[in-house]
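Presented below is the structure to which this report refers.
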Amino acid sequence: MVLRERFVQQGDFLFRWRSFVPLVLAPILILTVSDDAWPMGDALEDWVEAACVFISLAGLAIRADAIGYAAPRSSGGNTKRQRADTLNTTGLYSVVRHPLYVGNALIWLGLILFNHTIWVIAFVCLFFAIYYERIMAAEERFLESRFGDVFRQWVDRVPAVVPDIRLWVPPDRRFDWRVVIRRDYGAAFSVVAIFTVLEVGGDWLEEGSLDVDPLWLAFFLLATGLYVVARVVKKRTRLLRSPSTR
């Protein structure tokens, strides 16, 4: 089998499980959190940890932007199988072909840097390079078969994962916040929860006691409250339903 075809075949399989496969990394991050001091010393620890959280939040923001502006039943709205009635080429999709995966990469970059265990950082980076390479190959093969020359012209112009802001084209749709909340409220809570466990676990390994920082506790409780509200609204009301189902 041609190597590219093998990548596509593997990518089709991984695509169906893409919401769950990365979750196997969460226990690794939690169980390997280091109690070693940061290389630059304790004085900058809070700033470094804040930067890690900011990186992950930036990843969530990129995901939200891509999801909120994506057309219904498009290359940005598929979750369980390949489908696309429309090819997204404006907004973030005008500067990078896979903004959702760029967002995911930033989310995990913040988490693994917060873990600050060297072999974990190397392992997760390698994992995602292989994982997303195959998923992107499968997605692009499907989109090429669906949109033909329009897709190929877009590929020739727009980079795959390194954004080129010079190519920016304003979104051709209004931002749909309902879709963002409906699709990503769980992901946002999971990120905050993992950060909180890493923080508490690291302090426990270093100090031998569970001394939770009030700011982290407030951060986690706020995220928990928002998660519960979003879940109740999604399950019990029609508020988060859009005119078009994605």
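For the pair residue 86 and residue 187 in one chain, pulling the backbone fully straight at 0.36 nm per residue adds 33.9 nm over the alpha carbon distance. Close amide H pairs (under 5 Å, H built 1.01 Å from N) link residue 91 with 169, 172, residues at least 5 positions away or on another chain. Relative contact order of the stretch 106-246: 25 percent, from C-alpha pairs under 8 Å at least 6 residues apart in sequence. A simple count of charges around residue 215, restricted to other residues whose Cβ falls under 12 Å of its Cβ and scoring Lys, Arg +1 and Asp, Glu -1, yields -4.
Each reported figure results from applying straightforward, stated rules to the coordinates on display, with no laboratory input. These figures come from a predicted structure and were not determined experimentally. Here the Cβ is made from the backbone with ideal geometry for all residues, glycine too, and neighbour counts use every protein chain on show.
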